[in-house]
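Below is one structure, written out as structure tokens; comments come after it.
The values are calculated or read from the model by the stated rules, or taken from the named source; none is laboratory data. What you are looking at is a predicted structure, and each value in this text was computed from that prediction instead of being measured. Cβ placement follows ideal geometry from the backbone for every residue including glycine, while neighbour counts extend to all protein chains displayed. Remember, those area values only see protein heavy atoms, side chains included, never the ligands or the DNA or RNA. Shrake-Rupley method; radii C 1.70, N 1.55, O 1.52, S 1.80 Å.
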Amino acid sequence: MLESLLLKRSERIRRVGDYLDEVVLPLAQRLKVDSIHLEIGCGHGHWLSSFAASRSMEVFVGIDIIQKRICRSLRKKELCNLPNLHFIKTEAWEFIEAAKGKLKISDTYLMYPDPWPKKRHHKRRLVQIPFLETLAEVSSPEARFFLKTDSIDYFE
């Protein structure tokens, strides 16, 4: 069972890596940029679409784990004609694993993540030292991490 789960995760990481190789990296090369902006948990893509529209010579990637949200985001991208913006259904850990050795992240945005308020659920929070260390590995030296939350406990 564990072997099957690891195989599925490995396949998802490979799929994201292929997308980066085939779509995101060629765009970054055409725009002559060496890093991307990443929004984790992009939802329906409202904020990232607006941001990407204001910076047409930079590359933006939004990720979310819910396919319906990605589909709505993609429609928004097409309606606004934003070739510098991409949305991918994937988990944050899997995206970062796929990005290792392929690209650098300049800025990462995490807006209102699930705070998992119960003490016994804190281990499910994304923002923890191991995640931040792994994110730092694929981030450029001057990269920034933006976290917006209404949970004082999570913020601290």
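Annotations
- Any hit, segment 64-87, residues being open to solvent by 60 Å² or more (accessible area, probe 1.4 Å), part of a loop (DSSP other than H, G, I, E, B) and touching an Asp or Glu at 6+ places or on another chain (Cβ under 9 Å): yes
- Within segment 27-59, the set of residues being under 19 Å from TYR112 (Cα atoms) and part of a strand (DSSP E or B) comprises HIS37, LEU38, GLU39, ILE40.
- Residue under evaluation LYS102, criteria (1) farther than 22 Å from SER50 by Cβ; (2) part of a helix (DSSP H, G or I); (3) of a type in the set (D, E, K, R), criterion not met: (2)
- Positions within segment 123-146 being part of a strand (DSSP E or B) and open to solvent by 50 Å² or more (accessible area, probe 1.4 Å), in sequence order: PRO141, GLU142, ARG144, PHE145, PHE146
- Condition check for ARG120: among the charged types (D, E, K, R), open to solvent by less than 80 Å² (accessible area, probe 1.4 Å), out of contact with any Leu (no Cβ under 8 Å at 6 or more places or on another chain) and modelled with pLDDT under 95: no
- So GLY101, is it in contact with a strand residue (DSSP E or B) (Cβ under 6 Å, 6 or more places away or on another chain) and either open to solvent by 70 Å² or more (accessible area, probe 1.4 Å) or on the phi < 0 side of the Ramachandran plot (or both): no
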